[in-house]
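Accompanying notes for the structure given below.
The values are calculated or read from the model by the stated rules, or taken from the named source; none is laboratory data. None of these values were measured; they are calculated from a predicted model. Please note: Cβ atoms are built from the backbone with ideal geometry, for glycine as well, and neighbour counts cover all protein chains shown.
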Amino acid sequence: MQTRRLLAGVVAISAAVLTACGSSDSSSPTATDTASSPSADKGTVRISGQNFTEAEIVADMYAAVLQNAGYTPEVHLVDTRDVYMKIFPKELDVVPEYTGAIVEFLNGTYNGANAKPITVSDPQKTIDKAKPLLDKAGITLLDPSAATDTNAFFVTKKYSEDNNVTTLSDLDGKSVTLAAAPDCKGRIDCEGGLTSSYGIKITKILPLGYASQQTYDSVLKGESQLGETSTTDGTLESQGLVLLPDDKQIQPAQNLVPMVSTDFLQAHPDVADPLNNLMSKLTTDALTQLNAQVAVDRAKPEDVAQQWLSDNGLL
């Protein structure tokens, strides 16, 4: 099954919003328009997501299994959740999400920035608790996967050894520059939690991206001391970087979950089965290995996605 990558301009989903808010990085935003097959007669499914390696792999998986089910997928990745949530669900149909992240995003949107978190450790219980918010937003979350990925933070091996820093708690009272996603400031799972729960003095946030090469380079060059990535980042050891465990557990449960427009799902209920089947087979270990194939071995995300899907009987 072949995938064609086209210019973002071909995607008919609020180009003005996506272009204005999208990344200036040469690798993003991009669109994926999967070549139609003889059975692709169920119409277009518009997929978005965040522009980092893992999200791109999973978006390519969504596109492939939905094409296999007879849809013609269009994929457009953007920098942050804020961007696609401006037009979801009205102008998008499906997005790869994380349970805690999307639930707390909606919690903050409807209940205010200081709303008490509603995420719990069990992903399905989190979804059940969030049902009133999901209904209000016109969103359905399908079956959560066992695969989970939370925000995480790293330093260089040298910084870790020189400062005796092996967990985030060891940074208590230390002043650092943080290289992170553009929406990190104030978030409880990013700058907000690092300062309030860990006592880290963040003197500056450099919005260089989530698990991006710019973020890695900033820390490696000493421009930043702390960088943001994910717990499934398979590149750190090869770069001389060290993940600092979240020993105070500020990160909410972040199981991968398909987020679908409720209206689209009602009109196309058959999209649920291929996405739920995918989620049932994806594991955290598999996700970490897939990330490493792209980030370390330089394989293409769509090729990695296609191979894993084929190996697991999903195509």
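Total residues in the stretch 241-274 satisfying the condition of being over 21 Å from the mean Cα position of the chain (by Cα), closer than 16 Å to residue 46 by Cα and either surrounded by 13 or more Cβ atoms within 10 Å (Cβ to Cβ) or of a type in the set (Asp, Glu) (or both): the figure is 5. In the set 217, 273, only one residue is in a helix (DSSP H, G or I), among the acidic types (Asp, Glu) and assigned by TED's automatic domain parsing to the domain that holds residue 193; that residue is 217.
Exactly one residue out of 118, 87 is touching a residue at least 40 places away in the same chain (Cβ under 8 Å) and either of a type in the set (A, V, I, L, M) or on the phi < 0 side of the Ramachandran plot (or both): that is 87. Listed by first and then second residue, the pairs linking a residue in the stretch 167-178 that is at pLDDT below 95 to a residue that is surrounded by 16 or more Cβ atoms within 10 Å (Cβ to Cβ) and in a strand (DSSP E or B), with Cβ atoms under 6 Å apart and 6 or more places separating them unless they lie on different chains, form an empty list. Only one residue in 121, 175 is surrounded by fewer than 19 Cβ atoms within 10 Å (Cβ to Cβ), among the polar types (S, T, N, Q) and within 16 Å of residue 251 (Cα to Cα). Which one? None of the others qualify; the one that does is 121. Against the definition (in the same structural domain as residue 90 (by TED's automatic domain parsing) and in contact (Cβ under 8 Å) with a residue 40 or more places away in the chain), how does residue 123 come out, yes or no? The answer is yes for residue 123. For residue 215, indicate whether it is closer than 24 Å to residue 105 by Cα, surrounded by 22 or more Cβ atoms within 10 Å (Cβ to Cβ), in contact with a Leu (Cβ under 6 Å, 6 or more places away or on another chain) and at pLDDT 95 or above. When the stated conditions are applied, residue 215 passes them. For the stretch 99-116, the criterion of being surrounded by 24 or more Cβ atoms within 10 Å (Cβ to Cβ), part of a strand (DSSP E or B) and not assigned by TED's automatic domain parsing to the domain that holds residue 188 is satisfied by no residue at all.
For the stretch 18-30, the condition holds for no residue, the condition being that it is modelled with pLDDT of 90 or more and either more than 23 Å from residue 190 (Cβ to Cβ) or under 13 Å from the mean Cα position of the chain (by Cα) (or both).
Sub-9 Å Cβ pairs linking a first residue in the stretch 271-298 that is over 13 Å from residue 148 (Cα atoms) to a second residue that is basic (Lys, Arg) and at pLDDT 90 or above, at least 6 apart or interchain, are 271/42; 294/300, ordered by first then second residue. The set of residues from the stretch 38-74 being assigned to a strand (DSSP E or B) and modelled with pLDDT under 95 comprises just one member, 50. Within the stretch 224-240, is even one residue surrounded by fewer than 21 Cβ atoms within 10 Å (Cβ to Cβ) and under 30 Å from residue 44 (Cβ atoms)? The answer is no; no qualifying residue exists.
For (1) more than 30 Å from residue 215 (Cα to Cα); (2) of a type in the set (A, V, I, L, M); (3) part of a strand (DSSP E or B); (4) not assigned by TED's automatic domain parsing to the domain that holds residue 171, each residue gets a yes or a no:
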residue: 76; (1), (2), (3), (4): no, no, yes, yes
residue: 84; (1), (2), (3), (4): no, no, no, yes
residue: 155; (1), (2), (3), (4): no, yes, yes, no
residue: 159; (1), (2), (3), (4): no, no, no, no
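All conditions in (1) without any contact (Cβ under 8 Å) to a residue 12 or more places away in the chain; (2) under 22 Å from residue 265 (Cα atoms); (3) small (Gly, Ala, Ser) hold for residue 137, with the sole exception of (1).
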